[in-house]
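Below is one structure, written out as structure tokens, with a few remarks after it.
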Amino acid sequence: MTYVEWLRVRGCLRTCAIILAILVALGIVLRVSFARYMSPETWLHHVSMEPGTQQTNVVLPDGTKRTIYDNPDKQEHVVIDNHGSSGMHIVITEPTAHEKSDADHFSIGSVQVNESRHGTMTTTVVDTNGSVPMLYYMALADIVALIVATLLAAPFAREIDGHLEIVMTKPISRVRYALEAIGVDILGILAASIMTIVAFYLCQLLFETPRLDFSGINSRAIAMGLLLPLAWYAMLAAATSWFPRNYGAVLGFAWPVVLLIGGLSFVQPSNIVALFIHDVAWGLSRLSPLTYTSFNISSQMAQDQSISHFTLRLSMEALLFVVYGGLAIWRWQRVEA
Amino acid sequence: MSTITISNLRKTYGSTAAVDGLSLEVPSGSVFGLLGPNGAGKTTTFKCMLGLARASSGTVLYDGKPLVPETFERVAYVPERSVLYESLTVDQHVEMNRRAYKNFDAARAHELLAQFGVARTKRTRYLSKGMRTAVMVACAFARNAEILVLDEPTGGLDPVNQRHVLSLIINEAAKGNSVLFSSHQIGQVERAAERVAIVDRGRLVLEGLVDDLKADRKIVEGIFPDVGFSLDGIANDPRVQRADRTERIVRLLVSSGADEFSSRLSAAGATGIRALDLNLEDIFLYAVSPADATTDVVVKDTSS
């Protein structure tokens, strides 16, 4: 019954797949281009060539290849444990640079870096095969899924706009048709998410063997990441079914309007006008699914997002999905040709 | 074998009644033509019948039962305008129908499309108006539906394909299926339909078997020697639906008793009296055209 909706989803996913394939291809080009610079051996060779550096190689009982570089002149000491496909654990001890004063922790993909100061010396620990938070993947997947959701979010408006005589003379009730059409679109959005995750996994695989971290906030991010585009889709589906003749404009302006309202909700209420703008924007922003999501992974934020807080946000997304979806179907039921 | 019964159907848009108390019965195995001028309410009637528009009041029954989604397994509809998906190919439309309707015969659809000369691989946005109509007609007739509701099914088609559609309509009736169709081509309706209903301003003006309507109604024409003649109450006879007078010539549209009226005109002094047969177009025009639509001097208008 929803063959046409399937075709729309297929077209959308095809475009999505082409773009992701181009990204993966770019990743391959990058990988090939930077191969010589990205090799750990190249870096190690560079370190070993420093004047006064002594190199020691040992094999630990567990098979780990340990390489130690020691440069007494520069007070540099590097210990590299090569675990093969499981990555490397590197400990670098060196004098603290003048401009550095605080300890630091950051990660780039699977590479995790921890710096700590001990008087005039700094110890930097690098793990090259750390786990990648699934949250990163979900954030990327959501960007694509939200775009796909926006493209698909006029299932009823597109039918109202000139095809009602076909849809409404099918041997299926309007509600069932609506549920099937929404179901097809949801599958399309989820497929777009999965395709994005796979594409970025492949991209990462070009450079390293990723280990995904599903623990803690990451598992919650998956739930939120899946629900957010669905709630967004439902909101736009409702809006377009209420304004079917202008569904293109509704979809086109949805992002700017929602982002503008979100931005205005952060206006500091320094005077009465600003207070009014803030209050109105804050109230309106509660209607947007984007309000209830966050992809900040800082440890502080992760702590702040307690389970109950997260559950509330997730519940709001689910509630918006149900309410907006219900409004869209309700409107669809009352349409006349 | 299905019957459609429409009772007191009324559909209003604001204060305007698009359909105003229409009652019709389409017998099973018949071809029923719905005629009317533009804006008469034909398309709205179809939409109300099919649940595309919500009737303000009245009922539509299919074999005595109200319309439910499953009814559309038995009812095929060709709308007045193209409702095809512009981005889909003709083949994809066929596939859409195949998936939607149990009795849809894709091979039959392909055959009909070939007869209409429609390229199946083309996207419908590249089809002419007539070709789009042909696609909708082909899909409808491949449904093996018991009831076909066709709103201007020959719109945009060339004469050869128009004739082909008429043949399809007649064949459906021969198979025992019911066809309800509208057309501005009254000659087509006359050729295909057994029964017609003429609607105007949402109301039923005339209904009956085409042959009966044509057999009963005659134009009785007479020429008087001068303009100072009197009709002696002839025009007030209830069987006279309309009487037009142009100088010395009088034309009476009578619903029956043409011979009697010929005699009465003769008795009144008219000469050159003749009784003319009406075709469906004449009947239609007399039924719906307002009295002041002619330059003739109107003596009486009882057409409504």
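FYI, it's all coordinate maths here, none of it is from the lab. Quantities reported herein were computed from a predicted structural model and do not represent experimental measurements. Cβ: placed from backbone, ideal geometry, glycine included. Neighbour counts: every protein chain shown.
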Amide H to amide H, which residues 5 or more places from A:Met121 or on other chains are under 5 Å from it, using H placed in the peptide plane?
A:Thr96
Spin-label model distance (nm) - B:Thr5 vs B:Glu281, 7 Å beyond Cα toward Cβ
3.8
Calculate the length of the line joining the C-alpha centroid of the stretch B:194-246 to that of the stretch B:51-69, in whole Å.
35
In a GNM of chain B with a 10 Å cut-off on Cα contacts, which of B:Ser15, B:Ser56, B:Ser263 has the highest mean-square fluctuation?
B:Ser15
Once label points are set 7 Å from the Cα along Cα→Cβ at both A:Val273 and B:Arg54, what is their separation, rounded to one decimal in nm?
4.5
Placing +1 on the Cβ of each Lys and Arg and -1 on the Cβ of each Asp and Glu in the protein assembly as shown, which of B:Gln92, B:Asn8, A:Ile189 has its Cα farthest towards the positive end of the resulting dipole?
B:Asn8
With unit charges on the beta carbon (Lys/Arg positive, Asp/Glu negative), name the residue among A:Gln75, B:Ala287, A:Val322 whose Cα is farthest towards the positive pole of the charge dipole of the protein assembly as shown.
B:Ala287
Distance (nanometres) between label positions extended 7 Å along Cα→Cβ at A:Val257 and B:Thr121
4.3
Starting from the amide H of A:Met88, placed 1.01 Å from N in the peptide plane, find each other amide H under 5 Å away whose residue is 5 or more places distant or on another chain.
A:His83, A:Thr128, A:Asn129
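What dipole magnitude, in Debye to the nearest 20, does chain A give about its Cα centre under +1 on Lys/Arg Cβ and -1 on Asp/Glu Cβ? It would help to have the intermediate numbers written out before the result.
Working: 21 positive and 26 negative charges, 287 e Å.
I would put it at about 1380 debye.
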Most fluctuating residue of B:Met49, B:Met136, B:Met96 in a GNM of chain B with Cα springs under 10 Å: which is it?
B:Met96
Partner aspartates and glutamates whose C-alpha sits under 13 Å from that of A:Lys74, ignoring same-chain residues fewer than 8 away, are A:Glu50, A:Glu94
Quick one: in chain A, what % of C-alpha pairs are over 24 Å apart?
67
Dipole magnitude of the stretch A:160-259 about its Cα centre, charges +1 at Lys/Arg Cβ and -1 at Asp/Glu Cβ only, in debye to the nearest 20?
200
Using the Cα centre of the protein assembly as shown as origin and beta-carbon charges of +1 (Lys, Arg) and -1 (Asp, Glu), tell me which of B:Leu61, A:Met224, A:Tyr3 is placed farthest towards the positive end of the dipole.
B:Leu61
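Report, in listed order, any pair from B:Lys47/B:Lys214; B:Lys11/B:Lys65; B:Lys11/B:Lys214 with a Cα-Cα distance greater than 24 Å.
B:Lys47/B:Lys214; B:Lys11/B:Lys214
What length, rounded to one decimal in nm, is gained on full extension from A:Met49 through to A:Arg211, with 0.36 nm per residue of separation minus their alpha-carbon distance?
Fully extending the segment from A:Met49 to A:Arg211 adds 55.1 nm.
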Near the amide H of A:Glu76, under 5 Å away, which other amide H atoms are found, from residues 5 or more places off or on another chain, if H is placed in the peptide plane?
A:Asn71
To the nearest 0.05, how large is the calculated FRET efficiency for A:Ala97 and A:Leu26 if R₀ is 35 Å and r is the Cβ-Cβ distance?
0.50
Using Cα springs under 10 Å in a Gaussian network model of chain A, which residue among A:Ala154, A:Ala249, A:Ala145 shows the largest mean-square fluctuation?
A:Ala249
Which ³J(HN,Hα) values, rounded to whole Hz and listed in residue order, are derived for the stretch A:150-155 from phi using the Karplus coefficients 6.51, -1.76 and 1.60 in 6.51 cos²θ - 1.76 cosθ + 1.60 with θ = phi - 60°, glycine and proline given as x?
5, 5, 8, 7, 10, x
Area projected by the alpha carbon convex hull of the protein assembly as shown, averaged over all directions, nm²:
44.6
Rounded D (µm²/s) - chain B, Kirkwood Rh over Cα pairs, Stokes-Einstein at 20 °C, 1.002 mPa s:
102
Suppose every Lys and Arg Cβ carries +1 and every Asp and Glu Cβ carries -1, with no other charges. What dipole size does the protein assembly as shown come out with about its Cα centre, to the nearest 20 debye?
800
3J(HN,Hα) from dihedral phi, the stretch B:4-21, Karplus parametrisation 6.51/-1.76/1.60, rounded to Hz, x for glycine, proline:
10, 10, 10, 10, 6, 5, 9, 9, 10, 10, x, 9, 9, 8, 6, 10, 10, x
In sequence order, what are the phi-derived ³J(HN,Hα) couplings for the stretch B:84-96 according to the Karplus relation 6.51 cos²θ - 1.76 cosθ + 1.60 with θ = phi - 60°, rounded to whole Hz, with x for glycine and proline?
5, 7, 4, 8, 8, 7, 4, 4, 5, 5, 4, 5, 4
